[in-house]
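So the structure is just underneath, and the comments pick up after that.
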Amino acid sequence: MGALEDWVGRVGDVLGLDPAAVDVAQLLDLTREVAHGVARPAAPLTAFLVGLAAGRAGGGPAAVADAVATVRAALAEEVPDVDR
């Protein structure tokens, strides 16, 4: 197991979350898209907002996937120029 998987497992444990329910690749892909398409500081903020939205929608992998899809749709729209 690599450092990233170890960290996700550790944080999941201390937060009372099932680390196996985290689609790490999906979230990393999304944050990469946001960092390159909007601004680097927007990436972690977007990940937080995805988690918040998923939690409000009941949590779980499907809620995260829905939030990710919503953000990707927003990325596909015209994004205003943000200071980088």
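The values are calculated or read from the model by the stated rules, or taken from the named source; none is laboratory data. Bear in mind that the values here come from a model prediction, so they are computed numbers and not experimental data. Here the Cβ is made from the backbone with ideal geometry for all residues, glycine too, and neighbour counts use every protein chain on show. Surface areas here come from the heavy atoms of the whole protein model, side chains and all, with no ligands, DNA or RNA. Shrake-Rupley method; radii C 1.70, N 1.55, O 1.52, S 1.80 Å.
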Accessible area expressed per residue, the stretch 1-80, with surrounding protein chains retained (probe 1.4 Å, Å²): 67
Additional length obtainable on full extension of the chain from Leu4 to Gln26, 0.36 nm per residue less Cα span: 6.5 nm
Local net charge near Pro61, Cβ-Cβ under 14 Å (Lys/Arg +1, Asp/Glu -1): -3
Within the accessible area of the chain (1.4 Å probe), percent carbon and sulfur: 61
Directionally averaged projected area (convex hull, Cα atoms, the chain), nm²: 5.9
Rounded to 10°, Cα long-axis angle of helix 24-37 versus longest principal axis of the chain: 20
Using alpha carbons only: equivalent-ellipsoid semi-axes of the stretch 30-73, gyration tensor based, whole Å: 19, 10, 6
In nm, spacing of pseudo-spin labels at Leu49 and Ala74 (7 Å Cα→C-beta vector): 0.3
Relative contact order of the chain, defined on C-alpha pairs under 8 angstrom at six or more residues apart (%): 25
Degrees between helix 61-76 axis and first principal axis of the chain (Cα, 0 to 90, nearest 10): 10
